[in-house]
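Beneath this line is the structure, given in structure tokens, with notes to follow.
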Amino acid sequence: MSTPEKKDEHKIKLKFPGDSDYIPAVRKFIAEMLQSCNFSPKFAYRSEIIVDEVCNNAVMYGCKSSESTIELHFNIFSNRTEFIIKDPGGEHDDIERLRKVVEKRGEETALKQQSKKDKLGLEIVRMLSEEVDFQIDENNLTTVRVVRKKDDVEAAPQTG
Amino acid sequence: MESMRIEIWQTEETPNTTVLHVKNELDSSSVEKLNEVFAEVLEKYPRYVIADMSEVTLFSSAALGRFMGFKKRLVESKGDLVLAGLTLEIKSQLTSLGAFKIFRSFANVSAAVNAYKWEREGISQALTLSFPPELHFVPPVRQLVSRIAKQKGYSSRDSFRIETIVDEVCNNAVEHGDGEQRRDVDLFLGIDREKVEIKVVNTSNPSKVEVLKQLSKSISKTAMPDLQDKRGRGLALIKMLSNNLSIDFSENGTSVHVTRFRGD
């Protein structure tokens, strides 16, 4: 029997309850999936942090009902990974806070003026990724898309 | 310095819990007010109480003493008092006072409500996963399920057995799946305090479907498999580790459904 060729692109879809109990297992799962696709432990760990931050925000601010679920689409390419995280959206204030963070993207001074709480941990996500996009639809369904490239990270100079 | 404010909330989603939204400084002057509110809750409200502490800026030992007394009375009447949304500073103070030997703490009210529903109402939670049919993805998948089981209070032994079931079923789904179609493997995990349900769906290799059907029949008939037979050992192991095993073959694919009770 011939073994099917390994594809360059893998799509994984995970849907889990909006409960913080699931996040440690999900972040480890992401890291282990990446390492199984020959991404370095460093790349895997940093991707794990991205997923942890975005999923924690989704649980904290986007899951107001105990029946809320979070969808994580995780696409692995040979040179990058893409995470799409969707939550049902939270209360008006939280949505507005996220909108502000989104709208202030690129405005360094404005971002610096925001409090730690207002940044929603997204600063570290931006730091560890190449692309971060947000979408909030009319029903408050919130989608965060993060792309992290392999080369930039692997070739990054060592610090410290 | 702002004096303590406290409000009693009940939400439609959680009619069996009471949320106390506590704000500002819980110093010694707040003790009287705390006593009044606690008495009101004991008299009129559900006995599972979540104290939302996200806006508390000081938690004196006098106030902590009142919280402990309140918790004791709630527990005596089959209720509980849990803390939610503590700031890092207050959390650190409470840790040094040893308060977490008595109180459970949650990141926010929603997490506390989830814990209540899990423990007291026996709700079931579900996770679904689709992954490409490649063997190197199976170890992370088995670990994912095992970690969730542990996080939800299942013992290491139970979690390992659940992990073994997932490993066997997913390995079978990949190895005996239809290599031409390369349909993703779908995993469903349902978990509650009593049991886990695992369902794995794939498209079987057409040339193996008949053999699988025969194996499935023989496994369902016999308590123990023939250990000399190389085929079906995985299914036999799953059967041994589970309380219920069923396999369905349909146009939509092959579906393996396993139930395992906690601590069995």
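Mind jotting down the distance between the C-alpha centroids of the range A:1-73 and the range B:1-75, whole Å?
The distance from the Cα centre of the range B:1-75 to that of the range A:1-73 comes to 37 Å.
Can you compute the modelled spin-label distance between B:ASP248 and B:HIS136, with each label point 7 Å from Cα toward Cβ, in nm?
3.4
Need one number: % antiparallel among DSSP beta bridges in chain B, to the nearest 5.
Antiparallel bridges: around 65 percent, rounded to the nearest 5.
If ligands, DNA and RNA are left out, what is the accessible area of B:TRP9 with a 1.4 Å probe, given in Å² to the nearest 10?
My reading of the accessible area for B:TRP9 is about 110 Å².
Once fully extended, how much extra length lies between B:SER155 and B:LYS213, figured as 0.36 nm per residue of separation less the alpha-carbon to alpha-carbon distance?
17.5 nm
Send over a whole-number figure in Å² for the accessible area per residue of the range A:1-70, probe 1.4 Å.
That works out to 44 Å² for each residue.
Evaluate E = 1/(1 + (r/R0)^6) for B:ARG193 and B:THR11, where r is the Cβ-Cβ distance and R0 equals 30 Å; express this FRET efficiency to the nearest 0.05.
Once rounded, the FRET efficiency stands at 0.85.
Give the interface area between chains A and B as buried accessible surface, both sides summed, probe 1.4 Å, in Å² to the nearest 100.
Rounded to the nearest hundred, the buried surface is 2700 Å².
Work out, step by step, the length gained on full extension between A:SER65 and A:ILE124: first 0.36 nm times the residue separation, then minus their alpha carbon distance; give nm to one decimal.
18.5 nm
Return the sequence-ordered ³J(HN,Hα) values of the range A:132-137 in whole Hz as given by the Karplus equation 6.51 cos²θ - 1.76 cosθ + 1.60 applied to θ = phi - 60°, using x for Gly and Pro.
Running phi through 6.51 cos²θ - 1.76 cosθ + 1.60 with θ = phi - 60° gives 9, 10, 10, 9, 10, 8 Hz.
Taking amide H atoms as placed 1.01 Å from N in the peptide plane, list the residues 5 or more away in sequence, or in a different chain, whose amide H sits under 5 Å from that of A:ILE70.
A:PHE16, A:GLY18
Going through the cross-link list A:LYS13/B:LYS117; A:LYS11/B:LYS195; B:LYS195/B:LYS239; A:LYS64/A:LYS86, which pairs have a Cα-Cα distance over 22 Å in this structure?
Among A:LYS13/B:LYS117; A:LYS11/B:LYS195; B:LYS195/B:LYS239; A:LYS64/A:LYS86, the Cα-Cα distance tops 22 Å for A:LYS13/B:LYS117; A:LYS11/B:LYS195.
Could you give the nm distance between label points at A:ARG99 and A:ASN75, where each point is 7 Å from its Cα heading toward the beta carbon?
In this crude label model, A:ARG99 to A:ASN75 measures out at 2.8 nm.
Under a 5 Å amide H to amide H cut-off, with H placed in plane at 1.01 Å, what residues pair with B:TYR48 once short-range neighbours are removed?
B:THR18, B:ASP80
How much length, in nm to one decimal, is gained on full extension between B:PHE261 and B:LYS78, taken as 0.36 nm per residue of separation minus their Cα-Cα distance?
Gain on extension, B:PHE261 to B:LYS78, equals 63.3 nm.
Step through the residues of the range B:161-167 one at a time and calculate ³J(HN,Hα) from phi using the Karplus curve (6.51 cos²θ - 1.76 cosθ + 1.60, θ = phi - 60°), rounding each to whole Hz and writing x for Gly and Pro.
5, 5, 4, 5, 4, 4, 4
I want to verify a result. In a Gaussian network model of chain B, Cα cutoff 10 Å, which of these has the top mean-square fluctuation: B:SER28, B:SER246, B:SER124?
Greatest mean-square fluctuation among the candidates belongs to B:SER28.
Binning at 20 Å from 0, report for the protein assembly as shown what percent of all alpha-carbon pair distances ends up in each bin.
Here the calculated profile for the protein assembly as shown is 23, 48, 26, 3.
I need the phi-derived Karplus couplings for the range B:187-203: 6.51 cos²θ - 1.76 cosθ + 1.60, θ = phi - 60°, integer Hz, Gly and Pro marked x.
Karplus-based 3J(HN,Hα) across the range B:187-203 equals 10, 10, 10, x, 9, 9, 5, 9, 7, 10, 10, 10, 10, 10, 10, 8, 9 Hz.
Taking the alpha-carbon distance from B:LYS71 and a cut-off under 16 Å, which aspartates and glutamates remain once sequence neighbours fewer than 8 residues away in the same chain are dropped?
Output for B:LYS71: B:GLU36, B:GLU40, B:GLU43, B:ASP52, B:ASP80.
Which is farthest toward the positive dipole end of the protein assembly as shown among B:THR11, B:GLY263, A:GLN35, measuring Cα position about the Cα centre, with Cβ charges +1 (Lys, Arg) and -1 (Asp, Glu)?
B:GLY263
The values are calculated or read from the model by the stated rules, or taken from the named source; none is laboratory data. Just so it is clear, the model here is predicted, and its values are computed rather than measured. Because the Cβ atoms are built from the backbone with ideal geometry, glycine has one as well, and the counts that use them run over all protein chains shown. To get the accessible areas, we keep the full protein, side chains included, count just its heavy atoms, and leave off ligands, DNA and RNA. Shrake-Rupley method; radii C 1.70, N 1.55, O 1.52, S 1.80 Å.
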